[in-house]
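Read the structure below first, then the notes.
The values are calculated or read from the model by the stated rules, or taken from the named source; none is laboratory data. In this text the structure is predicted, and so the values were computed from the model without any measurement. As a convention, Cβ positions derive from the backbone with ideal geometry for all residues, glycine included, and neighbour counts pool all protein chains shown. Please note that ligands, DNA and RNA were not included when accessible areas were found on the heavy atoms of the full protein model with its side chains. Shrake-Rupley method; radii C 1.70, N 1.55, O 1.52, S 1.80 Å.
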Amino acid sequence: MNNIEPFEDPIYVTQPILPKLENLVEKLKEVWGSKRLTNNGPQHKRLEERLCDILKVPYLSLFNNGTIALIVACQSLRLTGEVITTPFTFAATPHVLTWNNISPIFCDIDPVTMNIDADKIESMITPQTTGILAVHVYGTPCDVKKIQEIANRYGLKVVYDAAHAFGVEIDGKGIGTFGDVSMFSFHATKLFHTAEGGALTFNDKNMKDRVDLLKNFGIKNEEEVMMPGINGKMNELQALLGLEVLGLVEEEKKKRRNIFLAYSNYLNGIEGIKICNNNSEDVNHNYQYVVIRVNEKEYGVSRDYLYTELKKYNVHTRKYFYPLCSSFACYKHLFSSIPANLPIADKVSTEVLCLPIYGELNGYVIQNICNIISDLKQ
Ligand code: T4K
């Protein structure tokens with residue numbers, strides 16, 4: 001038994017990369033000098049170019065946040081009726097469908113990757129289905145090959161919510177090159193961030209042109225408005241912050257990899273605690289989250305008990321993603337005639353816990369978090 005005192009300062013699930021303030025101030029002078037604060041300014045253009053290279057995508061369009069980006073993605077593909085998606089995700093994923101007047105159809109997930117189970121998608125397709133909205137949960141890639149095969153067979157569009165998957169690659173290919181469009185979130189809680197922000201990526205130049213119109217009210221020029229667009233633009237201050245953060249991402253990723261390895265090492269051997277490791281040879285992972293699964297029978301206490309006890313030590317873990325989106329009050333009506341059949345997602349959502357991970361997290365804290373987890377085993 002370890003005699004551990006609660007941490008003096010709260011340990012949160014994440015902490016954003018912050019560039020040196022003086023560097024940022026220096027760069028801000030450029031923006032101040034130009035008086036250009038938004039509407040496709042020079043910082044915006046620079047960040048789009050840099051991100052195309054880093055994410056290995058042909059086309060990319062920046063947004064003020066990931067949710068608006070995803071709403072626009074559905075608009076740009078003219079999705080209607082029903083779209084098949086996962087219940088094991090952040091609220092934004094099904095909400096963007098609802099904002100497009102589309103019914104989210106929740107499909108169960110794979111027990112290992114925790115992503116939508118591609119083998120279950122086909123049975124959910126109806127004449128109203130127009131697309132699949134899959135999420136690379138925690139940055140683990142979906143079964144992109146199988147999903148594309150189904151989409152091709154049924155003439156469906158594929159949208160990827162890649163909010164967690166910055167920099168992830170499959171066989172050296174940028175994750176944003178799969179499907180018709182992918183969305184990345186650049187929220188402060190993400191590996192790469194612009195405080196708030198996001199992007200859509202595509203292989204098709206026409207898609208980029210359409211999305212650029214849609215995110216700017218549909219305005220083509222001073223006298224022509226082509227479609228009822230929205231204001232989804234990223235401003236110059238966000239883009240500037242992004243350019244500074246970008247230079248620090250690789251170092252942050254290296255640190256996070258070491259943190260992941262330290263957790264794996266300390267937690268290894270605690271019966272009932274399994275650290276999720278969906279790394280494989282073909283995937284270049286980003287260590288956005290470190291996720292454990294708690295098997296209550298083997299560990300002796302529940303995930304919720306562990307979550308509450310860790311809080312007493314000032315360790316603020318998160319139950320991403322509990323509850324399932326399918327159980328939100330606003331989606332209950334979808335199951336009024338047929339009950340939700342999501343046994344794997346139900347089980348997984350009661351087992352997962354995201355532990356703190358960010359570059360500045362020190363080894364002593366990691367070791368103590370693991371000691372607490374070890375001590376709590378019954
Ligand atoms: N799709 C998926 C699959 C997503 O996960 C998300 C967002 C989206 C779509 C939508 O993308 P955006 O529209 O957000 O670009 C957070 C984020 O707000 C959200 O972006 C993210 N997913 C979700 C998984 O996590 P909360 O409610 O957990 O955030 P919050 O404020 O509790 O932050 C968690 C911890 O991070 C805090 O305890 C402390 C730390 N933190 C947070 C912020 C905001 C900081 O240290 N600094 C900060 O500025 O949702």
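From 103, 123, grab the single residue that is free of Cβ contacts under 8 Å to residues at least 24 places away in the same chain and open to solvent by 10 Å² or more (accessible area, probe 1.4 Å). Reasoning before the result, please.
On the way: 103 fails: free of Cβ contacts under 8 Å to residues at least 24 places away in the same chain.
Of the residues listed, the single one that is free of Cβ contacts under 8 Å to residues at least 24 places away in the same chain and open to solvent by 10 Å² or more (accessible area, probe 1.4 Å) is 123.
Only one of 252, 309 is of a type in the set (Asp, Glu) and under 20 Å from residue 4 (Cβ atoms); which?
Numbers: 252 fails: under 20 Å from residue 4 (Cβ atoms).
Answer to the check: 309.
Are any of the residues in the stretch 48-66 among the small types (Gly, Ala, Ser) and either in the same structural domain as residue 316 (by TED's automatic domain parsing) or part of a loop (DSSP other than H, G, I, E, B) (or both)? Write out each step before concluding.
Of the residues in the stretch 48-66, the ones among the small types (Gly, Ala, Ser) are 61, 66.
When the remaining residues are screened for being either in the same structural domain as residue 316 (by TED's automatic domain parsing) or part of a loop (DSSP other than H, G, I, E, B) (or both), the result is none.
No.
Filter the stretch 1-28 for residues that are farther than 25 Å from residue 352 by Cα, away from the ligand (no atom under 15 Å from the Cβ) and open to solvent by less than 100 Å² (accessible area, probe 1.4 Å) and give the result.
Result: 23, 24, 25, 27, 28.
Which condition number does residue 261 fail, the rest of (1) open to solvent by 70 Å² or more (accessible area, probe 1.4 Å); (2) modelled with pLDDT of 95 or more; (3) assigned to a loop (DSSP other than H, G, I, E, B) being met?
Result: residue 261 passes all but (3).
Within the stretch 33-58, take every residue that is of a type outside the set (Val, Ile, Thr) and touching a strand residue (DSSP E or B) at 6+ places or on another chain (Cβ under 7 Å) and give me the one that is nearest to residue 222 (Cα to Cα).
Within the stretch 33-58, the subset of a type outside the set (Val, Ile, Thr) is 33-37, 39-53, 55-56, 58.
Among the residues that remain, those that are also touching a strand residue (DSSP E or B) at 6+ places or on another chain (Cβ under 7 Å) are: 44, 47-48, 51-52, 55-56.
On the way: 44: 21, 47: 25, 48: 24, 51: 29, 52: 29, 55: 33, 56: 34 Å.
Residue satisfying both the conditions and the ranking: 44.
Out of (1) exposed (fewer than 15 other Cβ atoms within 10 Å of the Cβ); (2) in contact (Cβ under 8 Å) with a residue 12 or more places away in the chain; (3) closer than 24 Å to residue 17 by Cβ, the odd one out for residue 271 is which?
The number of the failed condition is (3).
Which one is farthest from the ligand (Cβ to nearest atom), of the residues in the stretch 67-84 that are among the small types (Gly, Ala, Ser) and assigned to a helix (DSSP H, G or I)? If you could, list the steps in order and put the result at the bottom.
Residues of the stretch 67-84 that are among the small types (Gly, Ala, Ser), as a first pass: 69, 73, 76, 81.
Subset that is assigned to a helix (DSSP H, G or I): 69, 73, 76.
On the way: 69: 8, 73: 11, 76: 17 Å.
Selected residue: 76.
Residue by residue through the stretch 2-46, note down the ones that are under 29 Å from residue 164 (Cα atoms) and hydroxyl-bearing (Ser, Thr, Tyr).
Correct list: 12, 14, 38.
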